[in-house]
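The values are calculated or read from the model by the stated rules, or taken from the named source; none is laboratory data. Since we're looking at a predicted model, the values are computed, not measured. Note: ideal-geometry Cβ built from the backbone for every residue, glycine included; neighbour counts use all protein chains shown. With ligands, DNA and RNA removed, areas are computed over all heavy atoms of the protein, side chains included. Shrake-Rupley method; radii C 1.70, N 1.55, O 1.52, S 1.80 Å.
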Amino acid sequence: DTGVSQDPRHKITKRGQNVTFRCDPISEHNRLYWYRQTLGQGPEFLTYFQNEAQLEKSRLLSDRFSAERPKGSFSTLEIQRTEQGDSAMYLCASSFKRGGLGDTGELFFGEGSRLTVL
Amino acid sequence: AQSVTQLGSHVSVSEGALVLLRCNYSSSVPPYLFWYVQYPNQGLQLLLKYTSAATLVKGINGFEAEFKKSETSFHLTKPSAHMSDAAEYFCAVSPRGSARQLTFGSGTQLTVLP
């Protein structure tokens, strides 16, 4: 078990460019989450997947944001036409939910992808 | 609806002193409560969690927290601070059985003075 990995760790881009982040969850975890964290704040929920299905999206996730988890394993988060306000740390987390049961609420986080939009 | 309030965005303690980080929650249903720690340029690591078993929860690195329903609190403590404890600490709440609704507080930066 290598934990949750995210790539790239840092990304600097110019306003208007598109960026994509990748997350590889813990292999047996069926749930995957994306959070955004800005300086001095706690993580804010963006979206989550159970297997390949995207089950919930936050109002924070504007139309410029899209997330996929095509085979129920890794996930990508794409931001189109980046704006300076998109500068943040994007955190991925995973968890395991057994069918018919609630989960423990415990998330396992990656180290994050820091985005800087100039 | 649920929320978490962390009192004090910055806390400084001397090495060897008691660490007390405060967290109050609001939840319309019985909650699960968590403390996570974040070291610089790293992701969040779970310190401990309360999921309706014992109200006094022990976590990693000597930390513990007590769930007090009457006070809607879940304060984090450690008897003796170590330099390596310097980090940012986040309290979080979720409805039971629902990690997807995890809500974080704004964090408390802990500084440990030599």
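Couple of notes before you dig in:
- Here B:S94 fits the description: at pLDDT below 95, among the polar types (S, T, N, Q) and within 13 Å of B:V4 (Cβ to Cβ).
- Unique match (being more than 18 Å from A:T116 (Cβ to Cβ), modelled with pLDDT of 95 or more, of a type in the set (S, T, Y) and touching a Leu at 6+ places or on another chain (Cβ under 7 Å)) among A:S87, A:S75, A:S58: A:S75
- Only a single criterion out of (1) in contact with an Asp or Glu (Cβ under 7 Å, 6 or more places away or on another chain); (2) surrounded by 15 or more Cβ atoms within 10 Å (Cβ to Cβ); (3) more than 11 Å from chain B (Cβ to nearest Cβ) is not satisfied by A:T82, namely (1).
- In region B:60-101, the residues that are within 12 Å of another protein chain (Cβ to nearest Cβ), under 22 Å from B:G43 (Cα atoms) and either out of contact with any Pro (no Cβ under 9 Å at 6 or more places or on another chain) or open to solvent by 10 Å² or more (accessible area, probe 1.4 Å) (or both): B:E88, B:Y89, B:C91, B:S98, B:A99, B:R100, B:Q101
- In region A:7-24, the residues that are open to solvent by less than 20 Å² (accessible area, probe 1.4 Å) and not aliphatic (A, V, I, L, M): A:T13, A:F21, A:C23
- Residues being over 17 Å from B:Y36 (Cβ atoms), of a type in the set (D, E) and either out of contact with any Gly (no Cβ under 9 Å at 6 or more places or on another chain) or in a strand (DSSP E or B) (or both) - total across region A:28-67: 3
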